[in-house]
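Asker: Just dropping this structure here.
Please treat every number below as a calculation from the coordinates, not as lab data. Keep in mind that this is a model prediction, so the values were computed, not measured. Glycine gets a Cβ as well: all are built from the backbone with ideal geometry, and neighbour counts include every protein chain shown.
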Amino acid sequence: MIYFKTIRWKNFLSYGNHWTEIELDANKSSLIIGENGAGKSTVLDALTFVLYNKPFRKVTVQQLINSINNNHMEVECEFAIGQNNYKICRGQKPRIFEVWQNGNLLNQEAHAKDYQEVLEKQILKLNHKSFCQVVVLGSSSFIPFMQLPTNHRKEVIEDLLDIGIFSIMGSLLKDKASENRKRLGETSNEIMLLEERIKMQQDYVKRITQQKDDLIEEKKKSIEKLTNDNGIIELNLKDKEDELAKLRKEVEEEEAVRKKLNKLNTLDSKISDKVKRLKKEIEFFESHDNCPKCYRPLDAETKAHNIENNKDSIKECEEGFEKLEDEINAEQARVNHMMEVWKTIDKVNTAINTYKSEINANQSVIDSMQKDIDKETTQDVNVEKVKIKEMNEDMIEIQNVKKDQSDEQEIITVATNLLRDTGIKSRIIKQYIPVINKLVNKYLAAMDFFVQFDLDENFNEVIKSRWRDEFNYHSFSEGEKMRIDLSLLFTWRAIAKLKNSASTNLLIMDEVFDSSLDTQGTDEFLKIINDLTADSNIFIISHKTDQLVDKFNSVIRFEKHQNFSRVAA
Ligand SMILES: Nc1ncnc2c1ncn2[C@@H]1O[C@H](COP(=O)(O)OP(=O)(O)OP(=O)(O)O)[C@@H](O)[C@H]1O
Ligand SMILES: [Mg+2]
């Protein structure tokens, strides 16, 4: 509930550069009187201007500035909502717009339009149209509910029933739905891309695994072949080594044989020398007659004897010599054979070395291939597999996100349906329509206007008169219309109070009944006013001074003094 306390203004319309202040909560009912143009209706302009930046009459904001002073136009209004006290200051020349909450100026950084929206939507929670339906009513610009087009009737009722929030929620939800749909689409795309990436990675892993297996298989085959080759070479090597061992045995006695041959040769040359010497001696004896050593004369017998001796010795030597030759030849043959064996040994050694180096070469190829295999086996495809695992985990996460978004979308759809005009709002309105009708009819009856008023869910009225058929609002006379308007006004206020939504303590009526209500109607109206005044502060602007003056708690008189309006003392 908005509890209005004071309103004050200066340089506003016909008012000059002094504050004019009205205490709004001082009296239950106040009558505002004064000559034409005294400045009574100004109270309504001051209120709508300060709260909504809109004059009540059909002029521009600029036209509200007092034309004589033409500057420093300012209006201030104080009110309370719940525990909070507010003061709104608005002016022109210079332009002012301040919202004070409990003595603190609310952040003014925002754009003036947004600031106004904060004031209307978050603080007052009452829009201009509704304000002019239930708080301030003027004879000139007050459009009775029944004269409003259906969409405006809807706005007023939604405001009163405090269900305008569902429209706001609905439009917020619409934005949210489209945002969520967009995100859902993005998530689906992300999932598609990720699926693609997972498939590609799986193919890649399959391919490299196959390549690796092929490579290992190939290397294993090569190793097997080389191992077989080495087996054969080793057999050959073994043969050669056996052969070598045998050959080595054959030359084992070489030194001994060579020594023996040397000895035999030495002996041979000794014998040969001896034979030569013996033959020389024979030659000598045969051609000389003295001793070759002592040169004494030799006799023939001695000579013959010596020659014979020598010849025997030669014969002996020659016999031994033959034997020796045989022996030398035999040993020489052995040596020669051994030389041949050495040659074979060399060849066998070469073969052995060739085999060994072949084996080594093969082995090093085997080793390096084995290394390659080991490397391939340890260099894991797992790194790539882990990537798949990670992507699958991401996938679960994204799918969860998608599920959340889908769930949210479903909720939004349900909520959107609920928030449609046909949803919650229509249910609430449906509940209130009988209450509204009951109240309207109650107020109509209180003003002795006996018709059956029925507002339907689309806010169209059917009014049945006691003795006539169905009527609509426009069928009635001005006075009757005014009774219907007032009944609706009081109904809205009653509903607002019931809902504690657009409820205020203030009601200002500017000549709303002066022209249309007859004496009886005026009395009934005042009766209703008195019923209402229980917890309201009502201001009635009227020219029917005589009829009304003693029926109000207070009377405020406005007057013009030296071209400026003021409250008369
Ligand atoms: N910008 C302005 N500067 C000065 N005076 C202005 C300005 N605009 C309007 N006025 C005058 O201010 C007065 C407005 O008074 P207001 O409408 O409040 O009178 P009222 O007491 O309600 O009269 P009525 O009984 O005729 O409705 C009028 O005399 C009008 O001519
Ligand atoms: Mg007026």
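Asker: Please give the residues of the stretch 150-183, grouped as numeric ranges, whose backbone N is less than 20 Å from a label point set 7 Å along the Cα-to-Cβ vector of Asp407.
Answerer: The answer is 176-183.
Asker: Another question about this same structure. Below 8 Å, C-alpha to C-alpha, sequence gap of six or more: please give me the relative contact order for the stretch 251-379 in percent. Please report the intermediate quantities before stating the final value.
Answerer: Details: 61 pairs, mean separation 40.1, N = 129.
For the stretch 251-379, the relative contact order is 31 percent.
Asker: How far is the Cα center of the stretch 442-510 from the Cα center of the stretch 11-67, in Å?
Answerer: Rounded to whole Å, the Cα centres lie 28 Å apart.
Asker: Can you compute the FRET efficiency between Asp213 and Asn400 using 1/(1 + (r/R0)^6), with r the Cβ-Cβ distance and R0 = 45 Å? Round to the nearest 0.05. List each step's numbers first, then the result.
Answerer: Working: r = 37 Å, r/R0 = 0.82.
With a Förster radius of 45 Å, E is 0.75.
Asker: Then there's this: Which one, Asn309, His337, Gln370, projects farthest toward the positive side of the charge dipole computed for the stretch 251-379 from Cβ point charges (K/R +1, D/E -1)?
Answerer: Going by the charge dipole, the pick is Asn309.
Asker: Rounded if a/c is under 1.5, else prolate if a/b is larger than b/c, else oblate: which is the stretch 118-260, with a ≥ b ≥ c the root eigenvalues of its Cα gyration tensor? Display every interim value, and only then the final one.
Answerer: Details: a/c = 16.06, a/b = 7.30, b/c = 2.20.
Prolate, since a/c reaches 1.5 and a/b exceeds b/c.
Asker: Mean Kyte-Doolittle hydropathy of 0.0 or higher plus an axial Cα length of 30 Å or more: which whole DSSP H helices in the chain meet both?
Answerer: 424-446
Asker: Take the alpha carbon gyration tensor of the stretch 443-544, find the square roots of its eigenvalues, order them as a ≥ b ≥ c, and report rounded if a/c is under 1.5; if not, report prolate when a/b exceeds b/c, else oblate.
Answerer: Cα axes put the stretch 443-544 in the oblate bin.
Asker: Looking at the stretch 48-109, which GluC sites (Glu not before Pro) are in a loop (DSSP not H, G, I, E or B) and have at most 16 other Cβ atoms within 10 Å?
Answerer: Listed in order of number, the matching sites are Glu109.
Asker: Roughly what percent of Cα-Cα pairs across the stretch 251-379 reach past 24 Å?
Answerer: 62
Asker: Treat the count of other C-beta atoms within 10 Å as a stand-in for reagent exposure and order Thr227, Thr6, Thr60 from fewest to most.
Answerer: Sorted ascending by nearby Cβ count, the order is Thr60, Thr227, Thr6.
Asker: Given charges of +1 on the Cβ of Lys and Arg and -1 on the Cβ of Asp and Glu, with all other atoms neutral, how large is the dipole of the stretch 251-379 about its Cα centre, in debye to the nearest 20? Let's see the in-between values first.
Answerer: Numbers: 22 positive and 29 negative charges, 95 e Å.
The calculated dipole for the stretch 251-379 is roughly 460 debye.
Asker: Separate question: In deg cm²/dmol, rounded to 500, what helix-only [θ] at 222 nm does the chain give when every DSSP H run of at least 4 residues adds -39500 (n - 2.57) and the total is split over its residues? Please report the intermediate quantities before stating the final value.
Answerer: Values: 12 runs with 336 residues, N = 569.
Dividing the helical sum by the residues of the chain leaves -21000 deg cm²/dmol.
Asker: Assign one of three labels to the chain, namely rounded, prolate or oblate, based on the Cα gyration tensor with a ≥ b ≥ c the square roots of its eigenvalues; rounded applies when a/c is under 1.5, prolate when it is not and a/b is larger than b/c, and oblate otherwise. Don't skip to the answer; put the middle values down first.
Answerer: On the way: a/c = 10.91, a/b = 5.13, b/c = 2.13.
It comes out prolate by the Cα gyration axes.
Asker: Which cross-chain or sequence-distant (5 or more) residues have an amide H under 5 Å from the amide H of Leu13, H modelled 1.01 Å from N in plane?
Answerer: Ile65, Asn66
Asker: Within 10 Å of each candidate Cβ there may be at most 15 other Cβ atoms; applying that plus a DSSP loop requirement, which GluC sites (Glu not before Pro) in the stretch 238-283 survive? Before the final figure, lay out each step's value.
Answerer: Details: sites: Glu241, Glu243, Glu250, Glu252, Glu253, Glu254, Glu255, Glu281, Glu283; in loops: Glu252, Glu253.
Listed in order of number, the matching sites are Glu252, Glu253.
Asker: Between their Cα atoms, which of Lys40/Lys121; Lys270/Lys303; Lys40/Lys438; Lys199/Lys375 are more than 31 Å away from each other?
Answerer: Checking Cα-Cα distances, Lys40/Lys438 exceed 31 Å.
Asker: Pairs Lys93/Lys560; Lys54/Lys560; Lys174/Lys403; Lys93/Lys551; Lys220/Lys347: which exceed 29 Å Cα-Cα?
Answerer: Details: Lys93/Lys560 24 Å; Lys54/Lys560 24 Å; Lys174/Lys403 20 Å; Lys93/Lys551 41 Å; Lys220/Lys347 35 Å.
Violating the 29 Å Cα-Cα cut-off are Lys93/Lys551; Lys220/Lys347.
Asker: Ok, one more. Given just the C-alpha atoms of the stretch 168-248, how large is their convex hull per residue in cubic angstrom?
Answerer: So the per-residue hull volume is 76 Å³.
Asker: I need Glu408, Glu390 ordered by Cβ neighbour count within 10 Å, fewest first. Write down the numbers at each step before the final one.
Answerer: Details: Glu408 16, Glu390 11.
By the 10 Å Cβ count, ascending: Glu390, Glu408.
Asker: Which is the longest part of the chain that has none of the trypsin sites (Lys or Arg not before Pro) sitting in a DSSP loop with at most 11 other Cβ atoms within 10 Å?
Answerer: Free of exposed loop sites, the longest segment is 96-292.
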